[in-house]
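Asks: Please read through the structure below; I'll follow up with questions.
The values are calculated or read from the model by the stated rules, or taken from the named source; none is laboratory data. Keep in mind that this is a model prediction, so the values were computed, not measured. Here the Cβ is made from the backbone with ideal geometry for all residues, glycine too, and neighbour counts use every protein chain on show. To get the accessible areas, we keep the full protein, side chains included, count just its heavy atoms, and leave off ligands, DNA and RNA. Shrake-Rupley method; radii C 1.70, N 1.55, O 1.52, S 1.80 Å.
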Amino acid sequence: MKPFLKFLLAFTAAQLSATELTFQTGNYGQAERAETRLAPGETLTLTGRGQESYWQIDDGAYAAFETDEPNFTFTARIASVEGTTASPKYGIMMRSGLGRFERMVTLRHDGWEGNRCLQLFNRYEAGDHPEAGARRMLHAGLFRDWKEPAEIWLRMERRYPYVHLYASRDGEDWTRLPNLGAMLEQEVWLGLQVTGGGDGRTPVTVAYDNISFQVDPAPEHGYTRESLGVDWVPDPVPYTYHMAKVEPGRGRESITHNAFLVKPDDMPWEDVRAVFVAAGSKEIALRDRTRLAWDHGEEGRRRPEGMEDWEGTFSLPPLPPHWDVLAQYGVVRLGGVRSALDFEANMRELARVTGQPHIEFLPGFATGASFGGGRSHQFADRFPDRAIASAPMIIGIPAGLGSENSRRVPTLYVWGSIDGRHLPDSAAFTPRLRELGALSASAPMFGLGHFGYNSDAIIWPFFLEMLEERFPEDWDRQAIPELKNYGPDEGWIVSLENLTGPGMYPVQNPPAYPIAEAPEDLEYPGWLPNRRMVHLWRHFVSAQTDIRIVYPTFNQAQGFHNVAYFDRPGDVSSMRAGESFPVIAAGPTGEDVEHHWHFNYEPIEPEWTDPENPYHIRLGPQEPGLHVLTLEVRRGDRHIFSRPISVVFHP
């Protein structure tokens with residue numbers, strides 16, 4: 001809690017509501033702030049400009065104070081509004097910060113002509129630009145019975161991590177609005193805001209009165225951030241960096257370079273059975289949210305600062321805890337890949353440096369975004385007998401339809417559903433790829449453009465499923481393992497019916513059939529290996545923001561090889577295996593709403609469900625590993641899908 005706002009916990013709630021409040025006032029994203037002290041009963045007038053407070057950024061003015069109380073009630077009345085624009089937005093808010101890209105829960109009047117009513121706006125994830133997550137990770141719910149632009153009371157009750165919203169016309173008779181907000185931050189900015197709308201230059205002035213804040217007692221099933229376990233991480237696992245110098249191989253891009261493996265020290269070498277090809281990447285993100293410091297050699301060579309030679313081993317600083325899960329599947333990271341064409345040379349030299357002959361024969365899977373996505377496709381094309389799977393992100397289909405080699409490697413093309421370049425490519429090539437027998441499907445992400453944000457939620461479960469399904473049970477480690485091949489009648493056919501559409505809204509519950517049952521005239525067909533991956537894919541491409549799983553979470557871009565680990569604590573949940581755990585979700589409420597939870601693609605019954613909130617549950621103990629959590633909400637004939645959440649459980 002900041003020094004300028006000291007609430008004494010010895011006060012009663014009634015005393016607190018009558019306490020002077022100290023607001024910081026300013027404009028989102030700007031450093032300049034002023035201080036405004038507000039005595040009980042006083043009116044606060046706020047003038048805001050700015051064009052947008054919706055999809056990805058926030059403009060406008062705020063008056064806010066900081067609090068870390070997990071349970072409170074904040075109330076204000078919109079007394080009057082002066083100024084007219086096309087789409088003003090004003091009301092009460094709770095935010096993770098005062099920048100232009102923040103998580104937040106807001107109850108406000110939305111003056112856009114298509115709405116003109118109260119709106120819940122919950123941005124539950126925010127990136128640093130529109131394509132980095134903010135455009136997809138939000139929910140905007142409208143309350144059309146509340147159309148008054150002024151003389152309306154608004155209330156926000158936080159019972160951490162949930163936020164309940166209320167409205168009243170007289171300050172006495174309150175209506176609880178039928179949706180939930182949620183935020184994992186406990187220390188938040190709380191207050192008032194005004195966005196002018198229109199052209200962004202016209203001011204709108206709003207007067208707020210009856211402003212009060214009170215600390216509330218903890219509910220029976222309440223949490224703090226600590227008791228929920230948001231910031232828990234296991235003790236660091238020691239890792240060693242094994243580096244080899246590799247002479248030029250085949251291909252015009254090939255030069256003398258370094259290749260490296262990253263392996264946990266307690267992982268026996270004989271357990272290593274596959275490599276993750278971080279295509280084009282030499283970077284390593286560390287647990288402290290910095291990156292490994294490098295010495296740079298000629299051309300493509302790097303070594304960690306402090307490593308004495310250009311070959312050998314190096315003990316790494318602690319790595320992000322989610323890396324530990326890969327060792328449970330026998331996977332280690334391969335890095336420093338100058339070109340996919342050098343894969344064989346990289347593995348041969350790493351086998352020499354490590355003294356482990358079987359390293360030369362390991363298969364792998366590859367992903368990467370944009371240029372790195374092209375490299376991951378090259379890997380499948382050049383080494384189909386060693387490519388377990390490929391997941392190129394944000395690229396077109398190379399060379400039109402790829403090659404016969406790449407078409408027999410299970411592949412997911414992952415991109416945003418408003419990607420104006422690659423969606424048309426996919427629409428044109430998808431039918432033809434299936435005619436040629438390609439083992440591939442497209443997986444657009446709702447609301448995103450040219451960015452691979454949150455794609456781990458589908459890529460890593462897909463990779464690990466393919467590892468388990470394709471890797472042989474018996475491998476003598478003296479030759480390349482014989483991966484399972486799929487026959488013409490194996491797998492499922494799925495369809496993205498509106499692949500050519502604008503893509504702002506997802507396909508709902510797209511059809512999927514075992515190959516033997518698939519209609520011949522199915523539009524935009526793709527291939528997936530089994531029913532489990534159909535479940536994962538369907539939640540990925542159908543995800544709507546009506547419902548969202550807030551905790552556990554895996555909110556980051558390209559998490560296992562991106563240089564940016566997570567921007568804030570708690571963005572990647574570390575869970576304890578063998579212990580029951582809470583799940584925090586949010587969505588529509590009502591007697592006609594059914595909730596269907598799935599864990600690892602199978603229905604699961606909660607150990608406990610909050611009698612007052614069906615989105616708050618507890619699930620039973622799970623084994624160590626990377627698991628998938630999904631929620632489907634049914635309301636009449638409508639099926640509402642959450643995005644899949646990858647959950648990392650540590651021993």
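Asks: Take the Cα pairs of the stretch 95-226, get the Kirkwood Rh, then feed it into Stokes-Einstein at 37 °C and 0.692 mPa s and tell me D in µm²/s.
Replies: In µm²/s, the coefficient rounds to 203.
Asks: Same structure, new question: Full-extension gain between residue 509 and residue 220, please, as 0.36 nm times their residue separation minus the C-alpha to C-alpha distance.
Replies: Stretched fully, the residue 509-residue 220 segment lengthens by 100.3 nm.
Asks: Considering only 26, 306, 647, whose Cα is most displaced toward the positive end of the charge dipole of the chain, charges sitting on Cβ of Lys, Arg (+1) and Asp, Glu (-1)?
Replies: Of the options given, the answer is 26.
Asks: Can you figure out the FRET efficiency of residue 286 with residue 311, using R₀ = 25 Å and their beta-carbon distance, to the nearest 0.05?
Replies: 0.65
Asks: In deg cm²/dmol, rounded to 500, what helix-only [θ] at 222 nm does the chain give when every DSSP H run of at least 4 residues adds -39500 (n - 2.57) and the total is split over its residues?
Replies: -3500 deg cm²/dmol
Asks: Can you name the helices of the chain, as whole DSSP H runs, whose Cα span along the helix axis is 15 Å or more and whose Kyte-Doolittle mean is not below -1.0?
Replies: Span-like helices in the chain: 343-354, 422-435, 456-470, 531-542.
Asks: Then there's this: So, with +1 on the Cβ of K and R and -1 on the Cβ of D and E, and no other charges, what is the size of the charge dipole of the chain about its Cα centre, to the nearest 20 debye?
Replies: Here the size comes out at about 1180 debye.
Asks: Still on this structure: Rank 613, 627, 589 by how far each Cα sits towards the positive end of the charge dipole of the stretch 575-651 (+1 on Lys, Arg Cβ; -1 on Asp, Glu Cβ) and give me just the farthest.
Replies: Towards the positive end, the residue furthest out is 627.
Asks: Using only Cα atoms, what Kirkwood radius does the chain have, in angstroms?
Replies: Evaluated on the chain, it is 26.4 Å.
Asks: Expressed in nm to one decimal, what extension gain is obtained for the pair residue 344 and residue 635 from 0.36 nm per residue of sequence separation less their Cα-Cα distance?
Replies: Once the chain is fully extended between residue 344 and residue 635, it gains 99.5 nm.
Asks: Semi-axes of the equivalent ellipsoid of the stretch 171-320: what are they in whole Å, largest first, if each equals the square root of 5 times a C-alpha gyration tensor eigenvalue?
Replies: Equivalent ellipsoid of the stretch 171-320: 53, 25, 14 Å, largest first.
Asks: Quick check for the chain: number of Lys pairs with alpha-carbon distance under 25 Å, counting only pairs 8 or more apart or on different chains?
Replies: Qualifying lysine pairs in the chain: 4.
Asks: For residue 574, what accessible area in Å² do you get when you roll a 1.4 Å probe over the heavy atoms of the protein chains, rounding to the nearest 10?
Replies: Its accessible surface works out to 10 Å², give or take rounding.
Asks: Would you mind getting the accessible area per residue of the chain, heavy atoms of the protein chains only, 1.4 Å probe, in Å²?
Replies: Value for the chain: 38 Å² per residue.
Asks: Also: Translational diffusion coefficient of the stretch 580-651 at 37 °C, 0.692 mPa s, Stokes-Einstein with Kirkwood Rh over Cα pairs, in µm²/s as a whole number.
Replies: 254 µm²/s
Asks: Tell me the relative contact order for the chain as a rounded percent, counting alpha carbon contacts under 8 Å between residues six or more apart.
Replies: This gives 11 percent for the chain.
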